[in-house]
Amino acid sequence: MTESLPLPGRGNVSRRSFIKSVIATSASVSAMSWFSAPAAARHQGAARGSVGRLVSLEVNGRTRRVDVLPQETLAMTLRYKLGLTGTKLGCDRAECGACTVMIDGVAHYSCSTLTHRVRGREITTVEGLEGPGGELHPVQRAFIDELGPQCGFCTPGQVMAAAAVLRANPNPTRDEARRAMSGNLCRCGAYDHYLNGVMRAAREVSHA
């Protein structure tokens, strides 16, 4: 059940909505302060090598303009500024894989990737895997059939890692798939289910 916070005059607001509103407000205020600053001061800051705050990101086939802090991670940008909450934050230190996304077709931990470093590169999140008619990706279908998701928290990262594996090697051996998926932890211990799903998806892709 989603935790709700009682706010004066606003009834119950979900914890996620509250956090997103706080971050969005902070981003808006910081952007306003940048644009309201004298032009000379802005140019002076740029001359000192400061990073531009407004950037264009290629996410799931769309160009998204977003205000990004200099040390902001891609996971934070995707979740709290672009609303792509399929990217989960687990350990937040590049150990669990829950935040896995594809960058130019290769799996990356978004919690340890600076957003400013991926400008001009193609970012794909779990939301971007669906087909043109909203159909599931072969990996997603296979994970469901093999009962991969348990609590489900790690599942988006597992899906993205598996999709990247099959993109690089459409017909992996079981050992190759196991090694490629080893960077994604599952607190429920459903590793064999996920591995079975990868192999099932590989067979579906090869026969398509």
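The values are calculated or read from the model by the stated rules, or taken from the named source; none is laboratory data. Predicted, not measured: the structure shown is a model, and the values here were computed from it. Using ideal geometry, Cβ is built from the backbone for each residue, glycine included, and neighbour counts are taken over all protein chains shown. For the accessible areas, the whole protein counts, side chains as well, though only heavy atoms, and no ligand, DNA or RNA atoms are used. Shrake-Rupley method; radii C 1.70, N 1.55, O 1.52, S 1.80 Å.
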- If you take the residues in the stretch 81-108 that are touching a residue at least 60 places away in the same chain (Cβ under 8 Å) and in contact with a strand residue (DSSP E or B) (Cβ under 8 Å, 6 or more places away or on another chain), which one is surrounded by the fewest Cβ atoms within 10 Å (Cβ to Cβ)? G105
- Message: Given the options R178, R167, name the one that is of a type outside the set (V, I, T), farther than 14 Å from A107 by Cβ and outside the structural domain of R93 (by TED's automatic domain parsing).
- Response: R178
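Residues being acidic (D, E) and touching a Leu at 6+ places or on another chain (Cβ under 9 Å): count how many of those fall in the stretch 113-169.
Looking only at the stretch 113-169, we keep the residues that are acidic (D, E), and these are 122, 127, 130, 135, 145-146.
So of that shortlist, the ones also touching a Leu at 6+ places or on another chain (Cβ under 9 Å) come out as 127, 130, 146.
So the answer is 3.
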- Item | In the stretch 121-132, residue modelled with the lowest pLDDT [restricted to those that are open to solvent by less than 70 Å² (accessible area, probe 1.4 Å) and not β-branched (V, I, T)] | G131
